[in-house]
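The values are calculated or read from the model by the stated rules, or taken from the named source; none is laboratory data. Keep in mind that this is a model prediction, so the values were computed, not measured. So basically every Cβ, Gly included, is an ideal-geometry build from the backbone, and we count neighbours across all protein chains shown. Please note that ligands, DNA and RNA were not included when accessible areas were found on the heavy atoms of the full protein model with its side chains. Shrake-Rupley method; radii C 1.70, N 1.55, O 1.52, S 1.80 Å.
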Amino acid sequence: MGAAMSGPQTEGAYKKDHRLESFWDTWSDLSISDFYNKVGSYVGNNFYEKYEEDIKLFKSIHLDSFRTSIQWTRLMDQNQKLNPEGAAFYHKVCACARENDIELFMNLYHFDMPAYLFARGGWTSREVVEAYAAYARTAFREFGKEIRCWFTFNEPIVEPDQEYRHGAWYPFVKDARQGMQVQYHISLAHSLAVREFNKAKEEGYMLPDAQIGLINAFAPPYTKENPSPEDLEAVRMTDGIQNRWWLDLCMSGTLPKDVLDTLTEYGLAPEMRPGDEEILKCGRVDWLGFNYYQPNRVQAPLTKTDEAGYPKFADPYIWPERKMNIYRGWEIYPKGIYDFGMKMKNEYPDMKFFISENGMGVEHEDRFRSEDGEIQDDYRIEFVEDHLKWVMKAVEEGANCVGYHYWGVIDNWSWSNAFKNRYGFIEVDLMNNYTRRLKKSAHWIKSLIEQRDKGDN
């Protein structure tokens, strides 16, 4: 039982100790009005200065683990050499977690491309794929004796979608073919990083029981109650691109043939070079993280092509019985965790996984503050409790699920939404030097973990 956050969403100190500019900083500089309340990427929640206080807070509510990420922009300089000051910060975080007896899960990439590499093409460029492998190599050798649980990427499906397929994030491209190329290059980058991890382990740089994984938003796809063949085809391709692509890569070092065949048929297949197949074979991992917020409901597309003229495989389907988080615009469907657990049990039985993100963002939480100043977030308690019940049902029925991390343990900056929706068990007061306060949900999760440790049901 633990919780998650990320480097770019929490650290702040965006120009301190020779940190490089990220692609988010570039976007913030170019168009700050794109961000809620004009709060760009610079702020985080000041974890850079408050990491000791925060980790002690995690300990106080009995979390046994937490995930964050190294920022590529902080660890490496523009010559792809180690930045000693950036490394020193992460060494301090590792030491503090160890002193507080909390397992640190470390992710290498959370949408935070260095700006100078983004200017060279970002994930459209093979040069950047190689640069990521070099960064991973450095990280494994620098921190291999301090960190046991590693992950190459968080939600590798998001950047292809948000930056290139939907055009919702800078550089606002709507190009399905380029989106698939980016997804493929991230797959290569993941595989090269796993290869570097295994080399570092063989050469004695890592802890003997170190393990490597990948974290993705494996949203289960659903469609209508009485689907047409076209609806089922929409499910197949949605599942294939967003879920099976990464599951097959991580389980067997391959990409799903039926998906590649369909992409080729529609002129969307990524460019593959000689030798790539051997690289992908290195992509097999020890375990997976499953981020779950909402299901993915789809149906046959109403039009065969999108507005840019590229083939469409699915349209959204609105389930008439859905329950919504009105603040985030996401459906609340706890059973999705169970359904994914059964998918893993039946299709990938040898792969262990954990719930790596699951959380509820709510706007204007001040409305729920009690007279003594504590936010009474009963809605968050209900959300987590409902999801945990389905996690336990999946475990009882044979799913190889080994843990649960809530997102995000402390209120954090969230991309273009900035601080619009708050997720934390722990409040951050932006108007009072980022002061931390426990919410009602923090006391609840502490009590729940205490019951677990006593063996209570």
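Computed values, structure above
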{"read-out": "For Phe218, distant residues with modelled amide H under 5 Å away", "value": "Asn291"}
{"read-out": "Percentage relative contact order, segment 334-457, counting C-alpha pairs under 8 Å, at least six apart", "value": "30"}
{"read-out": "Rounded to the nearest 10 Å², the accessible area of Phe35 at probe 1.4 Å", "value": "0"}
{"read-out": "Relative contact order for the chain, counting Cα pairs under 8 Å that sit 6 or more residues apart, in percent", "value": "16"}
{"read-out": "Among (i) 0.94; (ii) 0.99; (iii) 0.96, the entry derived from the coordinates for Rg/Rh (Cα atoms, Kirkwood Rh)", "value": "(i)"}
{"read-out": "Percent carbon-and-sulfur accessible area, the chain, ignoring ligands, DNA and RNA, probe 1.4 Å", "value": "48"}
{"read-out": "Cα-based Rg and Dmax for segment 315-377, where Dmax is the largest Cα-Cα distance (Å)", "value": "17.0, 51"}
{"read-out": "For Gln183, net neighbour charge (Lys/Arg +1, Asp/Glu -1) across residues whose Cβ lies under 10 Å away", "value": "-1"}
{"read-out": "Set of lysines with alpha-carbon distance to Lys16 below 21 Å, sequence-local pairs under 8 removed", "value": "Lys50, Lys81, Lys92"}
{"read-out": "Vicinal HN-Hα couplings computed from phi for segment 437-452 (Karplus, 6.51 cos²θ - 1.76 cosθ + 1.60; Hz; Gly/Pro x)", "value": "9, 6, 8, 4, 5, 5, 5, 5, 5, 4, 5, 4, 5, 4, 5, 4"}
{"read-out": "Cut-off under 5 Å, modelled amide H: who pairs with Phe111 long-range", "value": "Asn154"}
{"read-out": "Lysines with Cα under 16 Å of Lys201, excluding same-chain neighbours fewer than 8 positions away", "value": "Lys145"}
{"read-out": "Probe 1.4 Å, protein heavy atoms only - accessible area per residue of the chain in square angstrom", "value": "41"}
{"read-out": "Net charge over other residues, Cβ less than 10 angstrom from the Cβ of Ser22 (K, R count +1; D, E count -1)", "value": "-1"}
{"read-out": "Rounded to 5, percent antiparallel among DSSP beta bridges of the chain", "value": "30"}
{"read-out": "Within the chain, helix-based [θ] at 222 nm, where runs of 4 or more DSSP H residues each add -39,500 (n - 2.57), nearest 500", "value": "-12000 deg cm²/dmol"}
{"read-out": "Per DSSP, loop trypsin sites (Lys or Arg not before Pro) in segment 84-184 with at most 10 further Cβ within 10 Å", "value": "none"}
{"read-out": "Sites excluded, GluC sites (Glu not before Pro) in DSSP loops with at most 12 other C-beta within 10 Å, longest stretch of the chain", "value": "1-202"}
{"read-out": "Cα-based reach from Lys174 at 29 Å (exclusive), listing lysines while leaving out same-chain residues under 8 positions away", "value": "Lys38, Lys224, Lys257, Lys304, Lys312, Lys420"}
